[in-house]
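So the structure is just underneath, and the comments pick up after that.
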Amino acid sequence: MQRDLRLVEVGRRYGLRGPWVLRGIHLTLTPGTLTRIEGDNGSGKSTLLRLVARLDAPTEGRVTGRPRTAYVPERFPSALPFTASGYLTHLGTIHGLSRKTAASAAQSWLERFGAAAYATTPMSRLSKGSSQKVAVAQALLADPELLVLDEAWTGLDAAARDELERAVAERTAAGGAVVFVDHDPRRLAGAPDATYTVVDGGLKLRTDSGSPPPTGPLTRVTVQGPPGAQLPPDAVRTVTSAQEITPGVHRLAVPASHSDVLLRALLTARPPWHVVSVEPDGTTPLDPGSRP
């Protein structure tokens, strides 16, 4: 299975003589990368994500690659004849999981997003926020190779938004690709490997830093590595700043929602790094440093 997804000279319009929504699009999504898509309302961002998720076919051009893909829309159809748990379990079996494994995964994701109390509630009775939690959970059930998020944070409470950011970091750290649209410019600020803007039906790679610095609580992590070792790439991508305070000892700042991913990257490196301390923001002020 080809895990890269490529859009080559892709165009999309609705109807034989309708205006082109997108045209001449080139985009490659590779394993382990996070890609942000920006653009004005009505510019074609959602159309692009539906092409990436293969929910729509291009009018011209081609889409190649078949990574296992999961998609979260901004508006999730909640009037379904299932309970939340039943729906997730059903989808899990469609993805090839055994019913027992699917039920366990469903429960786990509902708990992570704070929706376990609604596991047996009919989907039609869920609030928009609870329904959106189910929408996100269904996309993460079977460890997709490509995760497509179209305003997926909309309607989620603060804790669930943080959990989704954590899940995105876990997906890319595990080698999956994630592409997302979000109206908040601070969402995953500093984390994307590439940011594209949809403008005039085309796609432009943004080369400036452009995004505001990450906001929200940070975690300070002090680690010691083997002599002469560089920080593992999977760790570097998650941190907002790093400082080598003594030879081989680094003090890192990471968004609290990404701290688990950072620790996993450090502890599973070969050879592993020693975690000296993990402290909440403000415990030990971090001198200005630079991202490695």
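Kindly indicate whether Pro271 is touching a residue at least 40 places away in the same chain (Cβ under 8 Å), farther than 18 Å from Gly216 by Cβ and either out of contact with any helix residue (DSSP H, G or I) (no Cβ under 8 Å at 6 or more places or on another chain) or surrounded by 23 or more Cβ atoms within 10 Å (Cβ to Cβ) (or both). When the stated conditions are applied, Pro271 passes them. Does any residue of the range 37-54 turn out to be of a type outside the set (D, E, K, R), over 24 Å from Asp182 (Cα atoms) and either touching a residue at least 40 places away in the same chain (Cβ under 8 Å) or touching a Ser or Thr at 6+ places or on another chain (Cβ under 7 Å) (or both)? Checking the range 37-54: not a single residue is of a type outside the set (D, E, K, R), over 24 Å from Asp182 (Cα atoms) and either touching a residue at least 40 places away in the same chain (Cβ under 8 Å) or touching a Ser or Thr at 6+ places or on another chain (Cβ under 7 Å) (or both).
Only one of the numbered conditions (1) touching a Ser or Thr at 6+ places or on another chain (Cβ under 7 Å); (2) surrounded by 21 or more Cβ atoms within 10 Å (Cβ to Cβ) is violated by Leu156, and that is (1). Picking from residues in the range 56-92 that are under 23 Å from the mean Cα position of the chain (by Cα) and loosely packed, with under 15 Cβ neighbours inside 10 Å, the one that is nearest to Ala116 (Cα to Cα) is Pro77. A search for C-beta distances below 6 Å between a residue of the range 93-120 that is within 25 Å of Arg161 (Cα to Cα) and any residue that is of a type in the set (D, E, K, R), counting only pairs 6+ apart in sequence or on different chains, returns Arg112/Glu163; Phe113/Lys133; Phe113/Glu163; Ala115/Lys133. Consider the range 100-137 and keep the residues that are charged (D, E, K, R) and closer than 12 Å to Ala79 by Cα. The one that is nearest to the chain's Cα centre (by Cα) is Lys128. Number of residues in the range 99-131 that are within 30 Å of Thr47 (Cα to Cα), of a type in the set (S, T, N, Q) and touching a Ser or Thr at 6+ places or on another chain (Cβ under 7 Å) equals 2. A single member of Leu156, Leu188 is of a type outside the set (Ser, Thr, Tyr) and under 9 Å from the mean Cα position of the chain (by Cα), and it is Leu188. Of all residue pairs spaced 6 or more apart or on separate chains, those with beta-carbon atoms under 6 Å, a first member in the range 153-178 that is closer than 25 Å to Leu266 by Cβ and a second member that is surrounded by fewer than 21 Cβ atoms within 10 Å (Cβ to Cβ) and of a type in the set (Val, Ile, Thr) are Ala177/Thr33.
Read-outs throughout are calculated quantities, based only on the coordinates presented, and are distinct from any laboratory measurement. Remember, it's a predicted structure, so these values are computed and weren't measured experimentally. Here Cβ is always computed from backbone atoms with ideal geometry, including for glycine, and neighbour counts include all displayed protein chains.
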